[in-house]
1. Need the full-extension length gain, Glu100 to Lys158, defined as separation in residues times 0.36 nm minus the C-alpha distance. One decimal, nm.
2. Using a 1.4 angstrom probe on the protein heavy atoms only, could you order Lys222, Lys158 from most to least accessible area?
3. What distance in nm separates the simple spin-label points at Gln199 and Asn232, each placed 7 Å from Cα in the Cβ direction?
4. Can you give me the solvent accessible area of His24 with a 1.4 Å probe, rounded to the nearest 10 Å²?
5. How many angstrom lie between the Cα centre of region 31-71 and the Cα centre of region 186-244?
6. Mind pulling the angle between the C-alpha long axis of helix 2-12 and the longest principal axis of the chain? Nearest 10 degrees, somewhere in 0 to 90.
7. Under a 10 Å cutoff between Cα atoms, tell me which one of Tyr221, Tyr149, Tyr193 has the largest fluctuation in the Gaussian network model of the chain.
8. Over what distance in Å are the Cα centres of region 89-131 and region 146-165 separated?
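The values are calculated or read from the model by the stated rules, or taken from the named source; none is laboratory data. Just so you know, these numbers come straight off a predicted model, no measurement behind them. Cβ sites come from the backbone with ideal geometry, for glycine too, and all protein chains shown count toward neighbours. Remember, those area values only see protein heavy atoms, side chains included, never the ligands or the DNA or RNA. Shrake-Rupley method; radii C 1.70, N 1.55, O 1.52, S 1.80 Å.
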Amino acid sequence: MKKTLLILLLVCLNTTVTLHAQMHVGMNGLIHVPTADMDTIGLARLGIDFVPKDMVPDGMKCDGEKFNTMTHYMSVTAFRWLEIGYGCTLWKFHYNLNPERETGFYAKDRYFSVKIQPILEDRWWPSLAVGGNDVYGSSDGGESGSNYYRNFFVAASKHLDLGGHILGAHIAYRQWKRDYNRKWNGVVGGLTYQPSFYQPLRGMVEWDGHAVNVGVDCRIYKYFFVQCGLYNCQDFTGGLCLCFNLL
């Protein structure tokens with residue numbers, strides 16, 4: 001894991017373009033915390049992320065145990081004030097739901113995400129955004145127990161230029177639908193830092209309501225974006241996405 005973090009950091013130091021961070025669901029944010037940041041209009045992303053089991057909702061289990069998994073997603077900043085996304089988390093099951101067969105990632109949990117930014121950051125005030133993950137699902141109007149990722153939030157973000165160093169402060173209030181996710185309810189937030197000598201590189205630390213997480217992210221040669229971090233300062237999480245502008 002240490003070698004992986006070092007390689008990703010060295011790759012980041014060879015890039016020249018910046019991009020906002022992303023969450024494991026494919027939307028702008030920190031590692032496990034939403035922010036009010038938005039990308040440029042028309043920017044689309046296709047990506048994958050490794051998610052440690054402690055970041056997976058407690059309702060997603062195999063044989064009563066949580067598991068490490070992967071997500072893949074696509075998202076787009078359709079307007080300056082609107083970001084939408086569609087993600088899938090691989091789910092481990094017994095083959096054909098037969099408990100005597102081997103286990104593997106034979107299913108997916110799918111979800112839509114949205115974020116609206118009615119107030120843009122200015123000199124004197126932060127940007128404000130509202131949004132949610134898993135905002136529509138099969139359990140609406142039915143008895144399905146899905147919506148494992150469903151949560152809604154309001155977030156504020158402010159960036160300060162300190163002699164060329166960019167310090168970002170982010171705070172949000174988040175509410176999850178499922179009771180087993182209540183450990184992530186309430187006030188969450190974090191700090192980001194971009195050094196003056198290389199602003200495409202950004203470090204971050206966050207509190208997600210349950211754990212303190214740290215990480216770095218960076219744009220790579222215009223079309224790729226990488227993020228890696230440690231959930232609860234111990235479990236690796238990270239991924240890579242392809243970035244391109246539709247306009």
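1. The span from Glu100 to Lys158 would gain 15.6 nm if fully extended.
2. From most exposed to least exposed: Lys222, Lys158.
3. Reported label-point gap for Gln199 and Asn232 is 3.7 nm.
4. Number for this one is 10 Å².
5. Taking the Cα centre of region 186-244 as reference, the centre of region 31-71 is 13 Å away.
6. Once rounded, the angle reads 40 degrees.
7. Looking only at Tyr221, Tyr149, Tyr193, the largest GNM fluctuation is found for Tyr221.
8. Distance between centres, Cα-based: 16 Å.
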